[in-house]
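Read-outs throughout are calculated quantities, based only on the coordinates presented, and are distinct from any laboratory measurement. If you're wondering where the values come from, they're calculated on a predicted model, not measured in any experiment. Cβ placement follows ideal geometry from the backbone for every residue including glycine, while neighbour counts extend to all protein chains displayed.
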Amino acid sequence: MRGAISEMRYKRILLKLSGQAVSGDQDSGFSPDALDHIADQVLDLHRLGIQISLVIGGGNIFRGTMSSKWGIERAEADNIGMMGTVINSLMLRGVLTGRSQGQAEVRVMTAIPINTIAEPYIRLRAIHHLEKGYIVIFAGGTGNPYVTTDYTAALRAMETRSDALLFAKNQARGIFTADPQQDPTARLYRRVHYNTIIRRNLKVVDQSCILLARDHSLPLHLFDFGERDTMRDICAGDDPGTLVTNVAEDQLE
């Protein structure tokens, strides 16, 4: 479903990846196949002229469950996790630059000042990068503990005037009425209102992210990132997976 940028529903999007997206089938670290897959999908949108930014988690490097083993307090654990997102962002920048053979300009902007390896996050500079066709990766969360990367993704999407926030999930088609691994009767939402997720306490996305998106009518798309070309189809007007928006009535598959 290729087309000119003028034919696309979304011209600027933010892609949210989990740390698991770069570790693939491994419990931690980096998977070359997973990194190649991410780069190919992102560069495909970039070649179409779609302005794209990314936020990635750090769970492939450090998880919150590890901190409790050593008695590390939450604030310190979150600081470690934010540094993990910086490492992942730098890895993505390297892979994207290499896979594009230097044709894509990729910038990492971090909320934690690390001036020798990344730019500081400045909202208007980030927008300027996107307008110039650069791929921008936002690292370091918001720079504060107790804030998830899901919330950071919604915040950065709003700040950069993105048209939509795309959540790439691993081996999950979207949002279900219940956990499909525990409830065989669980059904997939094709379209769902923000309030349904909050009311039913569906945990596929952090609720602070859902609340921020709801309050500013930011569309969220959740989809299986393992399937190729899904992001391109979403930008072109299709709704694979689950669309979270101000629908009048929830729609189930």
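The GNM of the chain, with springs linking C-alpha atoms under 10 angstrom apart, assigns the highest mean-square fluctuation among Leu17, Leu165, Leu48 to Leu48. Of the peptides 149-160, 215-226, 171-182, the ranking by mean beta-carbon count within 10 Å, highest at the top, reads 149-160, 215-226, 171-182. The ranking of His46, His37 from fewest to most other beta carbons within 10 Å of each one's beta carbon is His37, His46. Annotation: the antiparallel percentage among DSSP beta bridges lying fully within the chain is about 20. Taking label points 7 Å from Cα along the Cα-to-Cβ direction, Ala186 and Asn170 give a separation of 1.7 nm. Exposure proxy ranking for Lys132, Lys11, based on other Cβ atoms within 10 angstrom of each Cβ and starting from the fewest, stands as Lys132, Lys11.
Could you give the distance between the Cα centres of the range 118-138 and the range 13-57, to the whole Å? Cα centroid of the range 118-138 versus Cα centroid of the range 13-57: 18 Å apart. Neighbour counts of other Cβ atoms within 10 Å put Tyr121, Tyr146, Tyr189 in the fewest-to-most order Tyr146, Tyr121, Tyr189. For a straight C-alpha distance cut-off of 26 angstrom, the lysines reachable from Lys16 (same-chain residues fewer than eight places away being disregarded) are Lys132, Lys169, Lys203.
Multiplying each eigenvalue of the alpha-carbon gyration tensor of the range 5-252 by 5 and taking the square root yields semi-axes of 25, 23, 18 Å, largest first, rounded to whole angstroms. Springs between Cα atoms under 10 Å define the GNM used for the chain, and in it the highest mean-square fluctuation of Val204, Val192, Val95 occurs at Val204.
With contributions of -39500 (n - 2.57) from each DSSP H run of at least four residues, the per-residue ellipticity at 222 nm computed over the chain stands at -11000 deg cm²/dmol. Relative contact order of the range 5-252: 21 percent, from C-alpha pairs under 8 Å at least 6 residues apart in sequence.
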